[in-house]
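Each reported figure results from applying straightforward, stated rules to the coordinates on display, with no laboratory input. These numbers were taken from a predicted model, which means no experiment stands behind them. Here the Cβ is made from the backbone with ideal geometry for all residues, glycine too, and neighbour counts use every protein chain on show.
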Amino acid sequence: MEILIALGTFMCVTLMAYGLLYRTPQSAELESRLGGLRSQRPQRAALPDASAGFGQRVLRPMALNIGNRFNRMLPSTMSDRIDAAIIQAGLKISTGQFMLIVGVTMGAFPLLMVVLLAAGGTSVTTLFIYYVILLAMGAYMPRFWLLGRIKKRKKAIWRSLPDAFDLITASVEAGLGIDAAFNRVIEKVKGPFAEELTRTMREISVGRSRREALTDLTERTGVEELRSLINAVIQAEAMGISIGAVIRVQTGVLRVKRRQKAEEQAFKAPVKMVFPLVLFIFPSIMIVIGGPAVIQVKNGF
């Protein structure tokens, strides 16, 4: 048990020290080359707010610093995938902060639980089994939580698409421009889609092209039906076709897909009900029906 605690403590301290002191060779070389070109005037850091709590003054900056260092340690492909997943989940954290959460669930939490169990007199073999189980749970629980948030957010956006694009169609056919129609959706519709559309309209208002902003919207949401609708809007605008007619057709297709998916879920319901029926309902029915008969037979003998 002492060896396990010492090994876990050594790994945690080593990884934290490596993350805090790690510097890439490229950044060091670049800093040495630019050292004589930029001003060396020291800049005074902004003082923390004295009225803020301990978490805002100490814990939050520490977590941000450690998260940034974790982010620099990750490979670029892995960092991009995690960053895309975090954006689709609608979280306001960085990739390094998410990896810090994973590190806590994999390192600190299993070690703390093993120490608590060891204090209760648990054997070394049982402690090792618990440690492996908690380590696996700490590695996969943040991932499952992130995927669950992504799925829930995609479903909310997918449900709001037909009503939102019906409003866009009515606004465009009434004489409004596409930007004014999007702003009308922002005013009337609530939820993740309205939030992402608000961000898109802000990007367009500061000078970004509508095509790039809408394409980025589809990447942030990850909903394939929205991607088809946005591509249709972009193509209609580029070719001079009536946007209202195109959106009306695409919205009709989306409603058909939503009805088909509802029918698919309804067809799956009887299959999903088999296991609860066999495991819970049928045994209860057999006990209620056959119980009195068994009692009468027993009394007869």
Mean separation of Cα contacts under 8 Å (at least 6 apart) over the residue count of the range 156-258, i.e. the relative contact order in percent, is 33 percent
Lys and Arg at +1, Asp and Glu at -1: neighbours of Phe193 with Cβ under 12 Å from its Cβ sum to +4
Note, the range 140-154: 3J(HN,Hα) by Karplus (6.51, -1.76, 1.60, θ = phi - 60°), whole Hz, Gly/Pro = x, goes 9, 5, x, 5, 5, 4, 5, 5, x, 5, 5, 5, 5, 5, 4
Here FRET efficiency (C-beta to C-beta, Tyr140 to Glu237, R₀ 45 Å, nearest 0.05) is 0.55
Whole-Å distance linking the alpha carbon centroid of the range 126-157 with that of the range 85-124 is 10 Å
The local net charge around Ser205, scoring Lys/Arg +1 and Asp/Glu -1 for residues other than Ser205 whose Cβ lies under 13 Å from its Cβ, equals +2
Mean projected area, convex hull of alpha-carbon positions in the range 156-258, reported to one decimal in nm², is 5.7 nm²
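Compute the length gained on full extension between Lys190 and Thr77: take 0.36 nm times their separation in residues and subtract their Cα-Cα distance, giving the result in nm to one decimal.
Length difference between fully extended and current span is 37.3 nm.
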If the label point sits 7 Å along Cα→Cβ of Ala156, residues of the range 198-235 with amide N under 19 Å come out as 198-201, 217-227
Listed with the fewest Cβ neighbours within 10 Å leading, Leu167, Leu111 appear as Leu167, Leu111
